[in-house]
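The structure appears right after this line, and notes come after that.
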Amino acid sequence: MQNQEEINRLKNVVQQLLDEAKQQGASGAEAAFSVDNGLSVSARLGEVETVEYHCDQGIGVTVYFGQKKGSASTNDISSDSLKETVKAACSIARYASDDAYSGLPDAELLATEFPDLDLNHPWDINAEQAINIAIECENIARGYDKAISNSEGASVNTHQGTRVFGNSLGFLQGYQSSRHSLSCSVLAGSGDAMQRDYWYSVARDAAALESARQVGEKTAQRTIARLNARSLSTRQCPVLFASEMASGLIGALIGAISGGSLYRKSSFLLDTLDTQILPDFVRIHEQPFLRGALGSASYDSEGVATKARDIVSDGILRSYVLSTYSARKLGMQTTGNAGGVHNLTVEPGNNDFAGMLKLLNTGLLVTELMGQGVNRVTGDYSRGASGFWVENGVVQYPVQEITIAGNLKSMLRNIVAIGNDVDLRGNIRVGSILLEQMAIAGE
């Protein structure tokens, strides 16, 4: 459900900015206007902790004088402020150095079709109702088992935004979107044996959220399962990344084939286009037109049309992930990914989570990762981890205080299977991923 009147109001402001940029002598310009409203509440131990209402707006304009670029922003939409903002951008551009690769995208690449992607579902909820949901969720988690000894609370968030983007090539479009979430985190155990875990649900439509009971129970179950965790001796073994952890693995791959990493020559996947980087059963593709999905969009942050496309098929890298600028630096064409990927989907296999545990047989299930130990230049990977030790496809006991290590290039090539337990709570849609072997550093 789109409020066209609100979209048109923002369009008028963006058009003013573009007209003003032309008036001040810019050879090209682009501008964006966003308005966001929301409510966030949190409760802990049955009491309200925070209630916050959000109402923000922001305007950004970028101007070009030939191949010189300048940008400025404001949150004041008065006529004088808009003129001053454009003036500031023009002043910056006039003193900037020429950049042969800067400029607006090619006009023929701009989006011309704008299907209804079902992105906007306002949640008619007030603070009292949101507080009641948060308290109910936390109470269910706290009352699930006597081992639950404390809580970090539960929170409910609802957000709605309107965004309009336009440029001097004649592109001027906008849309509204919503995003709602419910989360909870509790602690179990006592003394030095405390364990913490959490669960959350997120969706464009509040009706698609998991219930307070579901989130509370999953939070408690995950926390209790971590009690009496042990370390492991140092070893090499198969590793299964739970679906919520697997998205980080795929995110590292996307970062390595993104334009900025490539033109800076800071990627372990440099010069790998049209070569095998994954097993031949792996397909990774974008689905920007999925109705109601979190990453859906008919155009990127430059107005370039998005498209459903394969990034990897048969394990072969078919395309990079490029904006207009990075594409020009590489002598290529933008892939419509200014601002990121859109519902990046790793094609699932046939096994559910239980089936993936059976495939793992004996090895490590990773459910949490710590630290930033990923070197995008070399591919070296080393991160703190916790999870569960599995034998004969059955979870035996929780594991903590270990480090998993490998090299992303060989890790990606040594993927054994991908589950159909796909996590839909983000822009990367992937099931659990089983790797043939990694190094485990423990006791």
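Tabulated values for the structure
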| item | result |
| --- | --- |
| Total charge dipole magnitude, the range 1-117, about the Cα centre, Cβ charges on Lys, Arg, Asp, Glu only, Debye to nearest 20 | 520 debye |
| For the range 97-108, Karplus couplings with θ = phi - 60° (6.51, -1.76, 1.60), whole Hz, Gly/Pro x | 7, 5, 10, 4, 9, 7, x, 5, x, 5, 4, 6 |
| Cut-off under 5 Å, modelled amide H: who pairs with GLY295 long-range | ASN343 |
| Integer Hz, Karplus 6.51/-1.76/1.60 couplings in order for the range 40-50, x for Gly and Pro | 10, 10, 9, 9, 9, 6, x, 10, 5, 9, 9 |
| Total charge dipole magnitude, the range 225-287, about the Cα centre, Cβ charges on Lys, Arg, Asp, Glu only, Debye to nearest 20 | 420 debye |
| Extension reserve of the LYS146-MET332 stretch, reckoned as 0.36 nm per residue once the Cα distance is removed | 61.0 nm |
| Cut-off under 5 Å, modelled amide H: who pairs with LEU187 long-range | SER149, ASN150, SER151, GLU152 |
| Per residue convex hull volume, Cα atoms of the chain, in Å³ | 156 Å³ |
| Amide proton proximity set for GLU49, modelled H, under 5 Å, gap of 5+ | SER42, ALA43, ARG44 |
| Separation of the ASP280 and MET194 label points, Cα + 7 Å toward Cβ, nm | 5.3 nm |
| The range 340-383, accessible area per residue, ligands and nucleic acids excluded (1.4 Å, Å²) | 47 Å² |
| Zone of MET370's modelled label, taken as backbone nitrogen in the range 400-443 under 16 Å from a point 7 Å along Cα→Cβ | 400-405, 441-443 |
| Protein accessible area in the chain, 1.4 Å probe - carbon and sulfur % | 46 percent |
| Whole-number percent relative contact order across the chain, with pairs defined as alpha carbons under 8 Å at least 6 apart | 15 percent |
| Net length gained if the chain between ASP76 and LEU273 were fully extended (0.36 nm per residue, minus Cα distance) | 66.4 nm |
| FRET efficiency for ASP106 and PHE353, using Cβ-Cβ distance with R0 set to 41 Å, rounded to 0.05 | 0.35 |
| Principal-axis tilt of helix 243-256 within the chain, Cα atoms, nearest 10 degrees | 40 degrees |
| Separation of alpha-carbon centers, the range 334-390 and the range 258-272, rounded to whole Å | 21 Å |
| Fully extended contour minus Cα-Cα distance, from ASN37 to ARG309, at 0.36 nm per residue | 94.6 nm |
| Net charge of neighbours whose Cβ lies under 14 Å from the Cβ of ALA26, counting Lys and Arg as +1 and Asp and Glu as -1 | +3 |
| Rough spin-label spacing in nm, given labels placed 7 Å along Cα→Cβ, for GLN396 and SER211 | 3.8 nm |
| Crossing angle, helix 79-95 versus the chain [Cα axis fit, 0-90 degrees, rounded to tens] | 90 degrees |
| Whole-Hz couplings from phi, Karplus 6.51/-1.76/1.60, listed for the range 216-233; x for Gly and Pro | x, 5, 5, 4, 5, 4, 5, 5, 4, 4, 8, 5, 6, 5, 10, 8, 10, 6 |
| Estimated 222 nm signal from helices in the chain, with DSSP H stretches of n ≥ 4 weighted -39500 (n - 2.57), rounded to 500 | -7500 deg cm²/dmol |
| Entries in LYS307/LYS329; LYS358/LYS409; LYS218/LYS307 that, when Cα-Cα distance is taken, lie over 28 Å | LYS218/LYS307 |
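The values are calculated or read from the model by the stated rules, or taken from the named source; none is laboratory data. Just so it is clear, the model here is predicted, and its values are computed rather than measured. With ideal geometry, Cβ positions are generated from the backbone for all residues, glycine too; neighbour counts draw on all protein chains shown. Protein only, heavy atoms only, side chains kept; ligands, DNA and RNA dropped before computing areas. Shrake-Rupley method; radii C 1.70, N 1.55, O 1.52, S 1.80 Å.
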